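Undergrad: Below you'll find the structure I mean.
The values are calculated or read from the model by the stated rules, or taken from the named source; none is laboratory data. What you see is a predicted model, and the numbers here were worked out from it, not measured in a lab. Backbone-built Cβ (ideal geometry, glycine too); neighbour counts: all protein chains shown. We work out accessible area using only protein heavy atoms, side chains counted, and drop any ligands, DNA or RNA first. Shrake-Rupley method; radii C 1.70, N 1.55, O 1.52, S 1.80 Å.
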Amino acid sequence: DLRLPAPPQWSSVSGFSLAGLSGSHFTVPLNVNAGAVELKTLELAYQLQGVGFLLSAGVTGDGALGPLQVSLENVGVQLLLQAAGGPGLLTLTASFMPPTGMGVVLNAGPIVGGGFLSIDVPNGRYAAVLQISLFGLGIEGFALIDTKLPGGESGFSFLVLVFADFEAIGGIQLSFGFVLTGVGGVFGIYRSVNTNALRSAVLSNNLDHLLFPTDPIKNAPAIISDLRAVFPPTRDEYVFGPIVRVGWGTPVIIEAELGFVLDLPAFILALLGSVGVYLPVKPAPIVEVHIDIAGSLDPGHSTLELTGSLHDSHILYYTLSGQMEFMLNWGESPSFLFSLGGFNPHFVPPPGVPSIARLRLDIGFGDNPRISMQNYLAVTSNTLQFGAKSELYAAAGPFNVHGWIEFD
């Protein structure tokens, strides 16, 4: 059952539009699971070609057949409508559109391996993903190559990420209960760090695409897209840095993934971090907390920023969520801002501060009945802000009860 979010429309002013968006290329979420096949997105594009009209439709998805898993990106059909020999005559030609990306994974017991290749010749962009697991030791590699730099000028830019995962074989014991379960690194030539995209990855809970990503072949298109956004091609800039994963306790109680990336010659230091807490132990936690963190230190602009997001966390059956933001500017216009859970509704944040979700605890087994508690605390250069809200909702048949109490 494939349904578009809105019917397509044509305007003599703005041209073709879909779901209120105009342009010549559209991405429609599908999220259709048909047994062994999962369709994720539908790509629709059109363009004028000579005296004809070319329409392309491709799907991105994956499927499994026994131990073999295949992922395809933007594979489908092209329809060319053009004028024929006589007046008023049109011909319609259909042709197969090969995928722009393809991944294969083989899971045969102790040996797991696979790869993904993405080719975008018109834009000069290429990407490859490699995953190998042999008796518990895992290697993941990501490579991005661009032959066109911003502004359309020719050049050569590439980015490499490599991860070694040895959690399955017990890791490397350090001291004081710490164990090293993974190492990695990032290296890029003619690449930079986009701190705004890094912050967006945290707030959208996509930071795991940059730190020891799970199912790299299956999620390759999304991972490659996030890597391109966070580390865009930039002439005369270079990025490099280490990434580690450390656990504490046996079995693991606390696990942290940390990465430090230096952008030269801009001298921007970026922090990527993810912390997980599992009580009493990771295999069967009653309390599970996950916090993603991203930050940047930019001495050239005299700024220090830190963004955090609480996600996929719970105490028993009660879910936890919320976000935080820290900003410090010691330049010509010094300012300070720290927020846990957002701001007072009447406060106007400075430019560049994202929307921060409230710290929230939800009690209930769904939307009905439910009890939620929200709160926030913020300190800025000249304000102290705090507030809370408790809400109750229950419904049965045509009746419902909805009450709340709050202050700011």
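Undergrad: Here are ALA270, ALA266, ALA284: which of them is modelled with pLDDT of 95 or more and either assigned to a loop (DSSP other than H, G, I, E, B) or surrounded by 20 or more Cβ atoms within 10 Å (Cβ to Cβ) (or both)?
TA: ALA270
Undergrad: Being open to solvent by 50 Å² or more (accessible area, probe 1.4 Å) and either more than 23 Å from LEU279 (Cα to Cα) or modelled with pLDDT of 95 or more (or both) is true for just one of ALA357, ALA396, ALA388, ALA378. Which residue is that?
TA: ALA396
Undergrad: Then there is this: If you scan the stretch 319-332, which residues turn out to be farther than 17 Å from LEU297 by Cα and open to solvent by 60 Å² or more (accessible area, probe 1.4 Å)?
TA: The one that is farther than 17 Å from LEU297 by Cα and open to solvent by 60 Å² or more (accessible area, probe 1.4 Å): THR319.
Undergrad: Out of the residues in the stretch 275-316 meeting the condition of being small (Gly, Ala, Ser) and touching a helix residue (DSSP H, G or I) at 6+ places or on another chain (Cβ under 6 Å), tell me which one is farthest from LEU328 (Cα to Cα).
TA: Only one residue tops the list, namely SER309.
Undergrad: Just the residues that are open to solvent by 30 Å² or more (accessible area, probe 1.4 Å), touching a Phe, Trp or Tyr at 6+ places or on another chain (Cβ under 9 Å) and not in a strand (DSSP E or B), please, taken from the stretch 287-318.
TA: Selection gives PRO299, GLY300, TYR317.
Undergrad: Please verify whether PHE347 is in a strand (DSSP E or B), under 30 Å from TRP404 (Cα atoms) and aromatic (Phe, Trp, Tyr), treating the condition exactly as stated.
TA: In short, no.
Undergrad: Of the residues LEU271, LEU203, LEU198, LEU211, which is closer than 30 Å to ASN107 by Cα, hydrophobic (A, V, I, L, M, F, W, C) and under 18 Å from the mean Cα position of the chain (by Cα)?
TA: LEU211
Undergrad: Determine which member of the set SER200, SER192, SER204 is surrounded by fewer than 16 Cβ atoms within 10 Å (Cβ to Cβ) and closer than 25 Å to ALA128 by Cα.
TA: SER204
Undergrad: Can you report the number of residues in the stretch 113-132 which are in a strand (DSSP E or B) and free of Cβ contacts under 8 Å to residues at least 24 places away in the same chain?
TA: 8
Undergrad: Restricting attention to the stretch 312-323, does a residue exist that is at pLDDT 95 or above and among the hydrophobic types (A, V, I, L, M, F, W, C)?
TA: For the stretch 312-323, residues at pLDDT 95 or above and among the hydrophobic types (A, V, I, L, M, F, W, C): absent.
Undergrad: Then there is this: For the stretch 148-156, state whether one or more residues are touching a Pro at 6+ places or on another chain (Cβ under 9 Å) and among the aliphatic types (A, V, I, L, M).
TA: Yes, there is a match, as at least one residue in the stretch 148-156 is touching a Pro at 6+ places or on another chain (Cβ under 9 Å) and among the aliphatic types (A, V, I, L, M).
Undergrad: Which count do you get for residues in the stretch 113-139 that are under 26 Å from GLY170 (Cβ atoms), open to solvent by 30 Å² or more (accessible area, probe 1.4 Å) and in contact with a Leu (Cβ under 8 Å, 6 or more places away or on another chain)?
TA: 1
Yes/no per residue for (1) within 29 Å of GLY322 (Cβ to Cβ); (2) in contact with a strand residue (DSSP E or B) (Cβ under 7 Å, 6 or more places away or on another chain):
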position	(1), (2)
ILE189	no, yes
SER192	no, yes
THR195	yes, yes
SER200	yes, no
ASN205	yes, yes
LEU210	yes, yes
THR214	yes, no
ILE224	no, yes
